């Protein structure tokens, strides 16, 4: 079979074109550099849900408290003290292995007594080759949020690991590790029923951090973060000034795979 080339015709137009009647052939629209205009009928992540690429991980039972730190919270950043990890279990040698994209993490502070004498809630995120595994972590299988996906058979590459009880230790980061985000979830002491949301790549609404003396929801942006096959993302959470009482919480983490 001889090689054949199919040429497509585009009309350069930054201005919105005039509407044409139904069932009429028209030229497709493009920019001056030839890049085609594409309009997504579902401008949010619903298309990822529809194709079965979006997953959510939560603590196993609602209103079940997870305690970060048995006696007191982590008061300062430590490279070897994790709060939570998102790993990509796909094999690096697999040509069809997906990339795991972190979307958001939501934390609801519940139960117990809020960590004492804290002055803020800080976080940092590192990505690294390898899993930086620890036997202290608890892995949780993510579930697809598309009702058409068979929950018993779908096996996403992304897996969340959370840490409870005494502050855990993981291996030190490798030379390939990258610090990809650093910020604060709240600029003041924690309160029971505060909710913190860390949104990755959020561009359509402003962050609403800061500090209120009453219970509130705080949202913080972080950059889009991708975890390659055989790699891991570690979230570090720390509470400057924290002395006693663990951080008790529930969580929800969303990710998608492509």
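Readers should treat all values here as calculations from the given coordinates under stated rules, not as data from a laboratory. Given the structure is predicted, the values throughout are model-derived calculations rather than measurements. When we count neighbours, we look across all protein chains shown, and the Cβ atoms used for this are built from the backbone with ideal geometry, even at glycine.
Overview of values
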quantity	calculated
Förster radius 30 Å - calculated FRET efficiency between residue 95 and residue 169 (Cβ-Cβ, nearest 0.05)	0.30
Of 103, 33, 79, the one that fluctuates the most in a GNM where the chain has Cα springs shorter than 10 Å	33
Contact order relative to length of segment 46-257, as percent, for alpha carbon pairs under 8 angstrom and 6 or more apart	45
Average projection area in nm² (convex hull over Cα atoms of segment 173-254, one quarter of hull surface)	7.1
Dimensions in Å of segment 46-257 - Rg and Dmax from alpha carbons	16.7, 51
Inter-label distance, nm, simple model (7 Å from Cα along the C-beta direction), residue 65/residue 79	3.4
Relative exposure of 236, 46, judged by other C-beta atoms within 10 Å (fewest first)	46, 236
